[in-house]
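Only one structure is covered here, and it is reproduced in the block below.
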Amino acid sequence: MTQMIPVTERAHNFSAGPAALPAEVLEQARDEMLDYRGTGMSVIEMSHRSDAFIEIAETAEKDLRDLLGVPADYHVLFLQGGATQQFAAIPLNLLGDKNSAAYVNTGVWSTKAIEEAGKYCSVRIAASSESTKFDRIPAYASWQVDAGDAYVHICSNETIGGVQFHDLPAVSVPLVADMSSDILSRPIDVSRYGLIYAGAQKNIGPAGLVLVIVHKDLLGRARKDTPSMLDYKVHSKAGSMSNTPPTYAWYLSGLVFKWLKAQGGLARMAAINRRKAETLYHAIDSSNFYSAPVIRENRSWMNVPFTLADAKLDKDFLKGAEARRMTHLPGHRSVGGMRASIYNAVSQDSVDALVAYMAEFEREHG
Ligand SMILES: *Cc1c(COP(=O)(O)O)cnc(C)c1O
């Protein structure tokens, strides 16, 4: 038999995604792996039409609705294809008789969404922070959204750049948000959105699952040539079981939803996440050795990019971090520097350990 690794020896995992999950959730999944609650089989091995799985699926949806306060007139879909597939599904489903959509460009993920949407419609850039290297959210007053736009698309948290919306603009067309890296990190008002989508592997569960929360009025207007697998109406009619759904990812996400409820829900997660982020930004701002590229008002609570005074020290910094079991700290290959992703499952203890190491490294090299 393999040796069980005690939870205390788990790494300080700052991965941007696939990312850390709560140890309690993984332990429960382990305990239920070979025999899910007396069924004599793993969740991986059972039909998605079985009573046991239907209950898993329905409970997960109910818990997610409770956590986010999803109103009854929104559909919740558990799909495959990642957030990236939604970059195409959104214009295909939502354009209706319009031929333009507005996109706000705040970084790498917005840019990818824009490029994909451009295959299906005329994309109007409502606002962009590209000229300041995506260090902010463009001021709402400058946004140009037209009544002829089918929707306006934002990325609520730019995972690579570390830019996050901390409030929302009033817009006159449906608001569509890529929440892949900040969903469930704090309460939101779902009724402000036409559609929310999020790949699971950042702040929800395993890769292979993407959540779509969509207002019922936005269904049924998909382009005629929309593949069935991308048609929200097809999926909502079938309860996300139009074909075999990602059953294990759905199950594990359900365990995460239960865990979030046990923590006290999203208001409590917001308090925890805010404190973690403030701890890290304070350490960066109070040193002359580290710096953060994003303006203060738009800094992400989930992904904290930072640089060292001398990039030649990056390698040593990362080596020391690895020796302290702090992993996944290199910034995205497109931007360099460092990035600490501090999702729900990353504890204040891990952030404190990072901050202590940063201070130690600065004393030696600063
Ligand atoms: C990771 C990420 C994506 C891409 O997700 P996939 O599941 O890999 O397609 C899209 N948007 C944001 C904001 C992300 O963080």
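The values are calculated or read from the model by the stated rules, or taken from the named source; none is laboratory data. As the structure is a computational prediction, the values presented were derived from the model and not from experiment. Reconstructed Cβ throughout: ideal geometry from the backbone, glycine too, with neighbour counts over all protein chains shown. Note: accessible area is taken over every heavy atom of the protein model, side chains too, but ligands, DNA and RNA are not part of it. Shrake-Rupley method; radii C 1.70, N 1.55, O 1.52, S 1.80 Å.
Would it be correct to say that Asp51 is over 30 Å from Ala139 (Cβ atoms), in the same structural domain as Pro174 (by TED's automatic domain parsing) and touching a residue at least 24 places away in the same chain (Cβ under 8 Å)? Answer is no for this residue.
Count of region 34-47 residues, restricted to those that are farther than 11 Å from Leu252 by Cα and aliphatic (A, V, I, L, M), is 3.
Residues checked against (1) of a type outside the set (S, T, N, Q); (2) assigned to a helix (DSSP H, G or I):
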residue	(1), (2)
Phe53	yes, yes
Asp66	yes, yes
Leu77	yes, no
Thr84	no, yes
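Rundown of residues vs (1) open to solvent by less than 20 Å² (accessible area, probe 1.4 Å); (2) away from the ligand (no atom under 16 Å from the Cβ); (3) under 26 Å from Lys261 (Cα atoms); (4) touching a residue at least 12 places away in the same chain (Cβ under 8 Å), yes/no style:
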residue	(1), (2), (3), (4)
Asp35	no, yes, yes, no
His75	no, yes, yes, yes
Gln80	no, no, yes, yes
Ile90	yes, no, no, yes
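State whether the residues of region 172-179 include one that is under 25 Å from Val346 (Cβ atoms), more than 12 Å from the ligand (Cβ to nearest atom) and among the acidic types (Asp, Glu). No, there is no match, as no residue in region 172-179 is under 25 Å from Val346 (Cβ atoms), more than 12 Å from the ligand (Cβ to nearest atom) and among the acidic types (Asp, Glu). Of the residues Asn203, Asn273, which single one is under 21 Å from the mean Cα position of the chain (by Cα), closer than 28 Å to Gly162 by Cβ, outside the structural domain of Leu94 (by TED's automatic domain parsing) and open to solvent by less than 50 Å² (accessible area, probe 1.4 Å)? Result of the check over Asn203, Asn273: Asn273. From the set of residues in region 111-159 that are of a type in the set (A, V, I, L, M), within 16 Å of the ligand (Cβ to nearest atom) and in a helix (DSSP H, G or I), which is surrounded by the most Cβ atoms within 10 Å (Cβ to Cβ)? This residue is Ala113.
Looking only at residues in region 12-33 that are of a type in the set (A, V, I, L, M) and open to solvent by 40 Å² or more (accessible area, probe 1.4 Å), the one that is nearest to the chain's Cα centre (by Cα) is Leu26. Number of residues in region 248-263 that are surrounded by fewer than 23 Cβ atoms within 10 Å (Cβ to Cβ) and either within 18 Å of Gly82 (Cα to Cα) or out of contact with any helix residue (DSSP H, G or I) (no Cβ under 9 Å at 6 or more places or on another chain) (or both): the value is 2.
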